[in-house]
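*Asks:* Let me begin by handing over the structure; questions about it come next.
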Amino acid sequence: MSDIPVEAAGKPDDVRRALALLNAAGARIGNSLDLETTARELLDVGVPQFCDLASVDLYMDVLAGDEPRPVGPGDGSGELRRVGFASSVSEAPPSLTRDGQTGTTGSSPVTVGATHCYPFSTPCAQALRSGRVQHIPGQDGTVPVQFGAVVQSTLAVPMVARDRVLGLVQFSRVKGSEPFGERDAALAAELASRAAVCIDNARLYRREHERALILQRSLLPPGDPEAAGLDIACRYLPGNPATEVGGDWFDVIELPGHRTAVVVGDVMGRGLRAAVAMGELRTAVRTLALTTDMEPAEVLGALDEIARGLGDAPGSQRGSDDLAEVYLATCIFAVYDPVSRRCTIANAGHLPPVLVEPDEPALLLEVPKGVPLGVGGEPFEEIEMELPDGAMIALYTDGLVESREHPIDEGLSSLRDALTNATESLENVADQVLTTLNVHHGEDDIALLVARVQGLPDGAVGDWTLSAEPRSVARARELTRDQLSAWELGALADTAELLVSELVTNALRHGEGEIRLRLLLDRTLVCEVWDSGLVQPRRRRAHVTDEGGRGLQLVGLLSAGWGSRRTYRGKTVWFELGRPGENAKPADPAEALLSLF
């Protein structure tokens, strides 16, 4: 139903034309959640059916997603941007000027994309202040313009939604067309009002989209991830503003023993909910990987339980069949050990990784494809393989290889072609993949992680087996000092010897079987002590009168980090020391010992 007053409707033919125009506006305006597109849809309806020239200006606050200005007191001179202009006049001027005319003396045209303000005394500023249509007649009916057209009548129409002004529409008719009348002003106000509601909806959507995008980006790893034995390049591309943010994520997790876990996942669904779910699952993956040190298949199994728990609404019954309340996600999780050069991979309904070995074509790895996280009921499987130095592995989400125009098989083939014989730096390889594949469709988010393996050389590993007897403590200290001397890390010798003796002593007292001592050198120095005991060490605070119990406290004070993890045959206790730099001063063991008493 039209809001045009009956007294302004005019003759039956005029009423029919007005209703037809409003019907066209209802069908064509608001089909997009993009502000600029919605403005252009209004211009397409208005020109030439209603006017000869038209432009749309929106407040900069509105374009930024902020709350529009309320109708009422104000000078109407806030900063606006011209987001659209349309004309049906041959050789028409490129825009309307700030005072509502084209080419009037002292006025410069405002082009599309330019920002400007309306002077206080102009009818346009008055329209923005009052929220009412202002009729701007031509000067004596003839206003010469740059391209020979003559504008004789203009309507400055504020765009108002929820009693707030979003911007201004100017409708103009040139000489030879009927000047605007009262019924035209009412019709213009109705058109602008309908477009304003759609633009306000687009503004709210853009604000939510940007907030979800900020949240998602804040949850992704900052900067360029680094890992021992791996060269890594990552890329994340959000969908276009007309597409809600998805739940794609990637992560690089440094594990004890210079091992590295890489993960890529995709939460099903879009919007803020998907971004929040992505953050929760990414945090859960990191926690499981760092604190439990489980195998990849076990990590996905625990993550599946967590995903199902996240979907439980307050007061809901566990085990409901309503999957709409469950976080569903696909995920692929891999752990690489640069010492053994072995990689273990598990898959939860995700696309297979791509492996490129030196001088070999790229191939899709046949990893058992489990069910997505959140479905439950099925155990996950994993594969283990040895990767030669220089091999490259790529993990990605479906947005990289699938779109409406390109089926997934075609995308996977293009991805393999782009990765085959890629010998450049990984940063260039990642850019090449994005350039080669169709990544500009904006239908979905895209996450890409490419890693090239380079295992630790034999000279960077010291590995010894010690018997379970007291003299092994002295032997461990001797081996540690000799190895650090060979690595030219004598500045760390005193600290490393002390901590190694503490761990070997604990293994003798609380562990079982033979003791294995391993030193690993990369960006940091890692020392590991292995035994067959299953009891994990527990740090406690020793009292002043206690004779012992300070060993792990000392390890915590002198090392950059320490911990323990289970193994197939027992456990491993480890500590890490930073390599001495130009300005780095090694910790003083004597001071650390005194601080414990």
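*Asks:* Give the calculated FRET efficiency between E405 and V15 to the nearest 0.05, with a Förster radius of 30 Å applied to their Cβ-Cβ distance.
*Replies:* According to the calculation, E is roughly 0.10.
*Asks:* By average Cβ neighbour count within 10 Å, what is the ranking of 123-131, 375-383, 62-70 from highest down?
*Replies:* Answer by packing, highest mean first, reads 123-131, 62-70, 375-383.
*Asks:* Could you go through the stretch 385-400 in sequence order and give the Karplus-derived ³J(HN,Hα) for each residue, using 6.51 cos²θ - 1.76 cosθ + 1.60 with θ = phi - 60°, rounded to whole Hz, and x for Gly and Pro?
*Replies:* For the stretch 385-400, the Karplus curve yields 9, 9, 10, x, 4, x, 5, 10, 10, 10, 10, 7, 10, 5, x, 6 Hz.
*Asks:* Amide H neighbours of L466 under 5 Å, counting only residues 5+ apart in sequence or on other chains, H built in-plane at 1.01 Å?
*Replies:* Sorted by chain and number, the residues that satisfy this are I515, R516, L517.
*Asks:* Once the Cβ-Cβ distance between H510 and E384 is put in as r, and R0 is 35 Å, what FRET efficiency do you end up with, to the nearest 0.05?
*Replies:* Using R0 = 35 Å, I get an efficiency of 0.70.
*Asks:* List the residues whose amide H sits under 5 Å from the amide H of G247, counting only those 5 or more places along or on another chain, with H placed 1.01 Å from N in the peptide plane.
*Replies:* V267
*Asks:* Given a Förster distance of 60 Å, report the FRET efficiency between E182 and K369 from their Cβ-Cβ distance, rounded to the nearest 0.05.
*Replies:* 0.30
*Asks:* Please give the length that would be gained between A468 and S413 if that part of the chain were fully extended, namely 0.36 nm times their separation in residues minus their C-alpha to C-alpha distance (nm, one decimal).
*Replies:* 14.3 nm
*Asks:* Rounded, prolate or oblate for the stretch 263-302? Axes are the square roots of the Cα gyration tensor eigenvalues, ordered a ≥ b ≥ c, and the cut-off for rounded is a/c under 1.5.
*Replies:* The shape class here is prolate.
*Asks:* Need one word for the stretch 151-243: rounded, prolate or oblate. Basis is the Cα gyration tensor (sqrt eigenvalues a ≥ b ≥ c); a/c below 1.5 gives rounded, then a/b vs b/c decides.
*Replies:* Prolate, since a/c reaches 1.5 and a/b exceeds b/c.
Just so you know, all these numbers are worked out from the coordinates, no wet-lab data involved. Note that the structure is predicted; figures quoted are calculated from it, not measured. FYI the Cβ positions are ideal-geometry reconstructions off the backbone, even for glycines, and counts take in every protein chain you see.
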